[in-house]
1. Just one of the numbered conditions (1) at positive phi; (2) within 8 Å of another protein chain (Cβ to nearest Cβ); (3) more than 23 Å from the chain's Cα centre (by Cα) is not true of residue B:319; which one?
2. Given the condition without any contact (Cβ under 8 Å) to a residue 60 or more places away in the chain, part of a helix (DSSP H, G or I), buried (at least 16 other Cβ atoms within 10 Å of the Cβ) and out of contact with any strand residue (DSSP E or B) (no Cβ under 6 Å at 6 or more places or on another chain), answer yes or no: does some residue in segment A:215-223 qualify?
3. Would you be able to say whether some residue in segment C:147-159 is more than 9 Å from chain B (Cβ to nearest Cβ), in a helix (DSSP H, G or I) and either free of Cβ contacts under 8 Å to residues at least 12 places away in the same chain or surrounded by 16 or more Cβ atoms within 10 Å (Cβ to Cβ) (or both)?
4. For residue A:261, all conditions in the list (1) closer than 26 Å to residue A:171 by Cα; (2) out of contact with any strand residue (DSSP E or B) (no Cβ under 8 Å at 6 or more places or on another chain) hold save one; what is the number of the exception?
5. Looking at segment A:123-140, can you tell me whether even one residue there is modelled with pLDDT under 90 and surrounded by fewer than 21 Cβ atoms within 10 Å (Cβ to Cβ)?
6. Looking at this structure, is residue C:218 within 7 Å of chain B (Cβ to nearest Cβ) and either in contact with a strand residue (DSSP E or B) (Cβ under 7 Å, 6 or more places away or on another chain) or surrounded by fewer than 21 Cβ atoms within 10 Å (Cβ to Cβ) (or both)?
7. Taking segment C:25-61 as the search range and keeping residues that are within 14 Å of another protein chain (Cβ to nearest Cβ) and assigned to a strand (DSSP E or B), which one is surrounded by the most Cβ atoms within 10 Å (Cβ to Cβ)?
8. Just to be sure before I move on: is residue B:170 crowded, with 18+ Cβ neighbours inside 10 Å, modelled with pLDDT of 95 or more, assigned by TED's automatic domain parsing to the domain that holds residue B:100 and assigned to a loop (DSSP other than H, G, I, E, B) in the structure I sent?
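The values are calculated or read from the model by the stated rules, or taken from the named source; none is laboratory data. Note that the coordinates shown come from a computational prediction; the quantities given were computed from them, not determined experimentally. Positions of Cβ are backbone-derived with ideal geometry, glycine not excepted, and every protein chain shown enters the neighbour counts.
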């Protein structure tokens, strides 16, 4: 039985997957996804499921994660697919992988900054040791064609004046701040990638994700859009914490999955790409949009330490490189993204209750 | 702004490829005298693949390294004496120690364009002995600009005072040279140089493109005497640079004279772009393979163009001359 | 048949690949896999295979001396010297995978019976294991060999940082090995790294300068030698049989790996490990026979 919420995801994959025939290159290939049971892993599996189903090209997916049982519980319709295979392991202690793997998407590690401040050592280990272990094993796989390393926009440091962050715009880093553990370990992971690419000739591509939104993203996550949607589903009020003029951008989940799979087949080895949306939106506008899509009336509250901010924080990628090289563009506007996310979460909630 | 270009002349090194490494001590003496007199800053001598490379694999030298270097040393006054050194062929203990003892001034340590880390020891040793050390990336058409920059940066860290990229297959078009040289100039602190081959008739044009993109060192040989279709023709290069207002320190008339002497005294044939060389360039095959491909193809009656195509397809690098035989055997087998 | 108890010192690529090969051997049992860091990939592999491991380096053998008959030293030339001082006193046999050159040179297809009279055996180099048996046959079958030269090409990805830094030692050791086994005075070894993707298999060409070569005799003996090598290196094959071309004998061989711990293209690492296993097995057989 196909549940209504799964149908949303399937439809979204179909919308985002503009050029499905381009994936015929992946016929009978095996893709390993580390962090395979997380948000990105689920969406990649959904997209591959759609591609396999529609074009019958028999892609195998190895999902590597620490909690397979949870995955099976959350997405039984994916877990039961025959093309999905599981490897239950902590990426930090990886020492062996099936040697029929052709592609690797390295998405292990949580971007949740609450975890980072609570357990900085684990964060550092996951990105440093985890990336090294993975690349070490990868260097012994003969038929490996490409590795997509998912880094983070946080490697750019503090953005002070750029409207859009290009792949070369680096800002300053604060020293001696434990919050840096995520950004710094993502940076060392990128340096590891350069080593393995340069000295061991591993075919590595780096993607630097910005913000995403969509089904499977936990609304408890501490990011503005998730909180706003959760507040809206709970009936409001929507609370903006800090400066409402802060600018962000959001790439819808199925577009994200499509971009990543496109990078698998089209990205230039050794290149670095921003992965995100280049359409900026302030938190004020975002809150209003979410409010307008809710059936119940609600307030938008703003809570901030200052009346006037000296500068506005902006976190919007320049996406020229990825759109040109991978020939991709967003298929979901922010309004549609919000709409689909709310709808899915409402259905998901009903089922859970 | 002074537009100074450093000229290095490997007529007596790359030219050895063109005559199966048969340059004699007498010929070396004659050309050294002439080029020294013309004010060529660096004269490079040796077996085609450099120090310690006289071998059945690449070809045996008529003269051993010691004779070549001592002869050149004796006949050079103003010009510096240079050599080409590929780790894997030349070792420090067996070859480099003696060469520096004989009095070599400039040592260019070379590797395939993606393998710069094999040059660390050799570059370090040259610097230890207080000699001029350069890094050379051969077959540079086989790597992207960003890879070349990474490899060149390693050489820079190992102590290279300049990095020369070689178009060893004569495969570049000016736009390739522009892209790669500017990336290197951008990414390096030390000067960048270019060494051309003429398979596609681009040697002079590519050399000029290189300096316009920021290169400061150029290689050229008398009459283009060098592997395959030959190198950038030195006397033409000097004339063109002079016309463009660059300073090389080389006397035009005297280098014209030197090249006339070279043609008469050291070349059995003056390099031209033969039909096979064009296919070699298109296929991206190491120019030093030309003599071997011609000989073995004749011997086993296969089309040398097919051999070049196949070598290119297999992405064979300089030093793998033995594969030519295997490719020829394969072609014969497939024909049957 | 009692299995010979062996320990592996060094948990890198060579050590780990040896471990996997030993698991298949009827003559050897790995009782101890030793490194310095329990969390290295090789260690993790050994633990997963249920092999006893230690991070105490040479001390692990000192402590468990009664349990170990033979040690594969897969560390570095520098450490191998320190280890041998200790292992010699303990009366252990050492198969030295490093370029330390402490013991007798070994090419299993040529001098297996002779080397097991000694307690420290040196495996020369990967290129040496591929080329020296052929050079030996040339030396044996031809009169007046003036010069032998061997050229190996390996995949860039199979050459780690230590190999790249130590090309000179590789050349030097291989040249000495050829002299030793062919009795030819002038030799040369050349190594090429090829970065082609997909990776190339290890390929070695042996050239010889001989006046009036006896090609028939050479061909016969080469065929015998190839079969002998294939007994312990399954991926070894003759690529181009002996030809006399341009005044030189040319023979080409290829070594494909078994794909145990390292991919198949790493034939250079595979061949030296296969050779080392053959040596250890010979010790085991001789102990069993003498009992």
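1. Among (1) at positive phi; (2) within 8 Å of another protein chain (Cβ to nearest Cβ); (3) more than 23 Å from the chain's Cα centre (by Cα), the lone unmet condition for residue B:319 is (3).
2. So far as segment A:215-223 goes, no, none of its residues is without any contact (Cβ under 8 Å) to a residue 60 or more places away in the chain, part of a helix (DSSP H, G or I), buried (at least 16 other Cβ atoms within 10 Å of the Cβ) and out of contact with any strand residue (DSSP E or B) (no Cβ under 6 Å at 6 or more places or on another chain).
3. yes
4. All conditions pass for residue A:261, except number (1).
5. For segment A:123-140, residues modelled with pLDDT under 90 and surrounded by fewer than 21 Cβ atoms within 10 Å (Cβ to Cβ): absent.
6. Working: within 7 Å of chain B (Cβ to nearest Cβ): no; either in contact with a strand residue (DSSP E or B) (Cβ under 7 Å, 6 or more places away or on another chain) or surrounded by fewer than 21 Cβ atoms within 10 Å (Cβ to Cβ) (or both): yes.
Spelling it out, it is not the case that residue C:218 is within 7 Å of chain B (Cβ to nearest Cβ) and either in contact with a strand residue (DSSP E or B) (Cβ under 7 Å, 6 or more places away or on another chain) or surrounded by fewer than 21 Cβ atoms within 10 Å (Cβ to Cβ) (or both).
7. C:33
8. Here the answer is yes, as residue B:170 does meet what is asked.
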